[in-house]
Amino acid sequence: MPTIPTPQREEPEYEGDYRPAPSDNPHAHLDPQNVRVEATDLAYLAQLSDALSTTLDLETLLVRTSELVRAIINYRIFAILLLNDRTHELRIRFQIGHTPEVQKMRIPVGKGVVGQVALTRQPVLLRDVSSVEGYIPANPDVRSELAVPLIAKNRLIGVLDLESEEANHFCPEHLHLLTLTASRIAQAIENARLYARVSRQAQTLTVLNEISAELTSILDLDPLLARIGQLLRRLIDYQMFSIMLMDDKGETLITRYAWRFGYAHAPLRRIPITSGLVGAAVREWRPINVPDVRKDPRYLEMNPETRSELIVPLFHKGRIIGVLDLEHTRCNFFNEEHQRTLTTMAAQVAIAIENARLYQAVKRQEQQLERDIAMAREVQLRLLPPSAPEHPHAEMAVRFLPARAIGGDLYDFVDYGPDKTAIVLGDVSGKAAPAALFAALVSGIMRSAAVQRLEPARMLKALNDALQERRLESQYVTMLFALWNDETRTLQVANSGAVQPILCRSGKSITVLAEGFPLGLFPDVTYEEFSVTTEPGDAVVFISDGLLDAENEHGEMYGEERLSSLLCANREQPAAHIAESIMADVTRFQGSHDRFDDETIIVLRVR
């Protein structure tokens, strides 16, 4: 399009910015006609400023501008075109009388009437466009045109354009008034755009805050990535979107989530960081905004519809864990505001992704730990004797209830030859897996020493000496070792810090006062041994401290008194019944209070 010639102006003649030319007469400013013109201009500008300053909504402002201009110039076709600073193109922001096709046009600076006005920043009045060589007839019925630049703070923001189907419809006076109007309109539009920009930023920050709160609550990676794509559409109207995460070696980006034209899918796509725009974003540690991918040699075509692309790296603790990749079918779609928004959001996305990965890793470890604990429980139960032995003059029963999946209590029945059985009940310091492992160690040592059929006191000393050789910090075990002689109906008892046995005879309870140091704490320890002669009808219980120390909701402990009373009340019942009754009573006593220690009971009832 050739440069549009400056139109011939009729009287009165205006120069420069189309204000009246200065006179050679130094008193010309006192001309009454000039004074009236200036007064009219000032009154009009004051009215214009008042009308434009009452709103900061851009749409309302543009409508009001069209009404104010119509009040001074009778037009039929009106348009306000605003300049895109990135593309240097003018686009109709508001219009009256244009067709939809014209409204979609983008006019480069320097092309056409409005493009020339934008380039030169000078107004143009064309009395008859048909006489202008190279004029582009967007509307073939247009004959005259009036266009003025919109300049705010010495920055071009657009062009105000009026057209008419009549030749000579616009005159220099119209040009003068529209030029006066343009600067006020430009400043009002800029204020409205600034207000809209601030409002959008505030809204964006609000949305980002909501997104941040929501993303931190999603701990499963795949649902998180899908939600990121959904929430991002509240901020940027993209058409294609991908989340690519770095592999363990930091050499390849792998697509974990993709969204294309309304449908989500995740193709298994791998791109080395040495190629493509996504690779460039990783290598250069910065966002990459490409207005037209067809002109960028780094672009790897994944979607033939893509024209513009915005890529932002995901940073976490000084390393890149992936990228957010947005694409659009229109060139120059993504702007600086989009880039700032996506960069801000990327920081929260990276944290959310790493949290989800950490959660998944912890979850896998927990699942593995649960499997290991289940296996350990199975092993522990297999190490414990499946049933109590039977004797002509005694019956035995045992019940074991760990506080956790696996416990630190141990019990055993060791065959000491004809008519003899060693009853073993131990309690390892600590709980759960460490206690169970130590209990298995103690049980193994005890079983190895049992082949020597040592008396109870000597057995405890042998165990203590063996544990001193395998000393573990802060680990010890209390143990009651009792040898039952069925022929003589006697018990030989040695104790290394365990709960003392309770014997019920003829309705009265007796505590077997056997004491001693726990195993594994001190070297060179000897233990006492007590002999208890039983009578038919006697019932003896060996218990771990978890039973006596069991608490209810009021902080009361079960205690020895309750245990003794229940034992004597059931002494004529079978040993299994006695054991079940005591365990059930302890459970009732605890109620909803959590069990904090292992509970084990062995009952020996003399026939």
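One residue stands out among those in segment 123-167 that are β-branched (Val, Ile, Thr) and assigned to a loop (DSSP other than H, G, I, E, B): the one that is surrounded by the most Cβ atoms within 10 Å (Cβ to Cβ), which is 142. Taken over segment 475-521, residues that are out of contact with any strand residue (DSSP E or B) (no Cβ under 8 Å at 6 or more places or on another chain) and within 19 Å of residue 459 (Cα to Cα) amount to 1.
Contact map, segment 338-363: residues that are at positive phi paired with residues that are in a helix (DSSP H, G or I) and acidic (Asp, Glu), Cβ distance under 9 Å, separation 6+ or inter-chain. No pairs are found.
On inspection, residue 423 qualifies as part of a strand (DSSP E or B) and not assigned by TED's automatic domain parsing to the domain that holds residue 314.
Take residues that are within 30 Å of residue 86 (Cβ to Cβ) and touching a residue at least 60 places away in the same chain (Cβ under 8 Å) and tell me which of the strands (runs of 3 or more DSSP E) falling wholly in segment 207-297 contain 1 or more.
240-246, 252-260
Here segment 538-550 is the region considered, the condition is being surrounded by 17 or more Cβ atoms within 10 Å (Cβ to Cβ) and not hydrophobic (A, V, I, L, M, F, W, C), and the residue that is nearest to residue 507 (Cα to Cα) is 538.
Taking the conditions exactly as written (modelled with pLDDT under 85 and either more than 22 Å from residue 484 (Cα to Cα) or surrounded by fewer than 18 Cβ atoms within 10 Å (Cβ to Cβ) (or both)), does residue 369 satisfy them or not? Against the criterion (modelled with pLDDT under 85 and either more than 22 Å from residue 484 (Cα to Cα) or surrounded by fewer than 18 Cβ atoms within 10 Å (Cβ to Cβ) (or both)), residue 369 qualifies.
Looking only at residues that are of a type in the set (Lys, Arg), more than 19 Å from residue 328 (Cα to Cα) and surrounded by 13 or more Cβ atoms within 10 Å (Cβ to Cβ) in segment 247-269, which one is nearest to the chain's Cα centre (by Cα)?
Applying the filter and picking the extreme gives 256.
Screening residue 488 with (1) free of Cβ contacts under 8 Å to residues at least 60 places away in the same chain; (2) surrounded by fewer than 15 Cβ atoms within 10 Å (Cβ to Cβ); (3) farther than 25 Å from residue 605 by Cβ gives one miss only, at (3).
Of 553, 572, 580, 561, all but one fail to be in the same structural domain as residue 394 (by TED's automatic domain parsing) and surrounded by 13 or more Cβ atoms within 10 Å (Cβ to Cβ); the exception is 580.
Are any of the residues in segment 191-200 surrounded by 18 or more Cβ atoms within 10 Å (Cβ to Cβ) and either more than 27 Å from residue 53 (Cβ to Cβ) or assigned by TED's automatic domain parsing to the domain that holds residue 59 (or both)? Explain how you work it out, then say what you get.
At the first step, the residues of segment 191-200 found to be surrounded by 18 or more Cβ atoms within 10 Å (Cβ to Cβ) are 192.
Restricting the remaining residues to those that are either more than 27 Å from residue 53 (Cβ to Cβ) or assigned by TED's automatic domain parsing to the domain that holds residue 59 (or both) gives 192.
There is at least one residue in segment 191-200 that is surrounded by 18 or more Cβ atoms within 10 Å (Cβ to Cβ) and either more than 27 Å from residue 53 (Cβ to Cβ) or assigned by TED's automatic domain parsing to the domain that holds residue 59 (or both).
Quick grid of which residues meet (1) modelled with pLDDT under 85; (2) more than 50 Å from the chain's Cα centre (by Cα):
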position: 164; (1), (2): no, yes
position: 170; (1), (2): no, yes
position: 174; (1), (2): no, yes
position: 187; (1), (2): no, no
position: 199; (1), (2): yes, no
position: 213; (1), (2): yes, no
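Is one or more of the residues making up segment 76-96 more than 52 Å from the chain's Cα centre (by Cα) and at pLDDT 70 or above? Among the residues of segment 76-96, at least one is more than 52 Å from the chain's Cα centre (by Cα) and at pLDDT 70 or above, which makes the answer yes.
The strands (runs of 3 or more DSSP E) located wholly in segment 449-526 that include 1 or more residues which are under 21 Å from residue 412 (Cβ atoms) occupy 477-485, 490-496, 502-505. The test for being touching a strand residue (DSSP E or B) at 6+ places or on another chain (Cβ under 6 Å) and under 24 Å from residue 355 (Cβ atoms) holds for residue 278. Residues in segment 288-301 that are over 14 Å from residue 330 (Cβ atoms) and surrounded by 19 or more Cβ atoms within 10 Å (Cβ to Cβ): 288 only. Give the residue, chosen from 219, 177, 162, 146, that is among the hydrophobic types (A, V, I, L, M, F, W, C) and within 30 Å of residue 343 (Cβ to Cβ). Exactly one of 219, 177, 162, 146 is among the hydrophobic types (A, V, I, L, M, F, W, C) and within 30 Å of residue 343 (Cβ to Cβ), namely 219.
Residues in segment 201-256 that are over 26 Å from residue 318 (Cβ atoms), hydrophobic (A, V, I, L, M, F, W, C), touching a Lys or Arg at 6+ places or on another chain (Cβ under 9 Å) and not assigned by TED's automatic domain parsing to the domain that holds residue 312: 207 only.
Please enumerate the residues belonging to segment 449-485 that are more than 30 Å from residue 607 (Cβ to Cβ), crowded, with 18+ Cβ neighbours inside 10 Å and hydroxyl-bearing (Ser, Thr, Tyr). Once the filter is applied, which keeps residues that are more than 30 Å from residue 607 (Cβ to Cβ), crowded, with 18+ Cβ neighbours inside 10 Å and hydroxyl-bearing (Ser, Thr, Tyr), segment 449-485 yields only 476.
For segment 464-498, the set of residues classified as under 51 Å from the mean Cα position of the chain (by Cα) and within 26 Å of residue 548 (Cα to Cα) consists of 474, 475, 476, 477, 478, 479, 498, listed by residue number. Right, residue 218: within 21 Å of the chain's Cα centre (by Cα), within 30 Å of residue 353 (Cβ to Cβ), surrounded by 18 or more Cβ atoms within 10 Å (Cβ to Cβ) and modelled with pLDDT of 85 or more or not? In short, no. Might you check whether a residue that is touching a residue at least 60 places away in the same chain (Cβ under 8 Å) and either assigned by TED's automatic domain parsing to the domain that holds residue 351 or of a type in the set (Gly, Ala, Ser) (or both) occurs anywhere in segment 175-185? Within segment 175-185, none of the residues are touching a residue at least 60 places away in the same chain (Cβ under 8 Å) and either assigned by TED's automatic domain parsing to the domain that holds residue 351 or of a type in the set (Gly, Ala, Ser) (or both).
The values are calculated or read from the model by the stated rules, or taken from the named source; none is laboratory data. Only a predicted model underlies this, so the values are computations on that prediction, with no experimental measurement involved. Here Cβ is always computed from backbone atoms with ideal geometry, including for glycine, and neighbour counts include all displayed protein chains.
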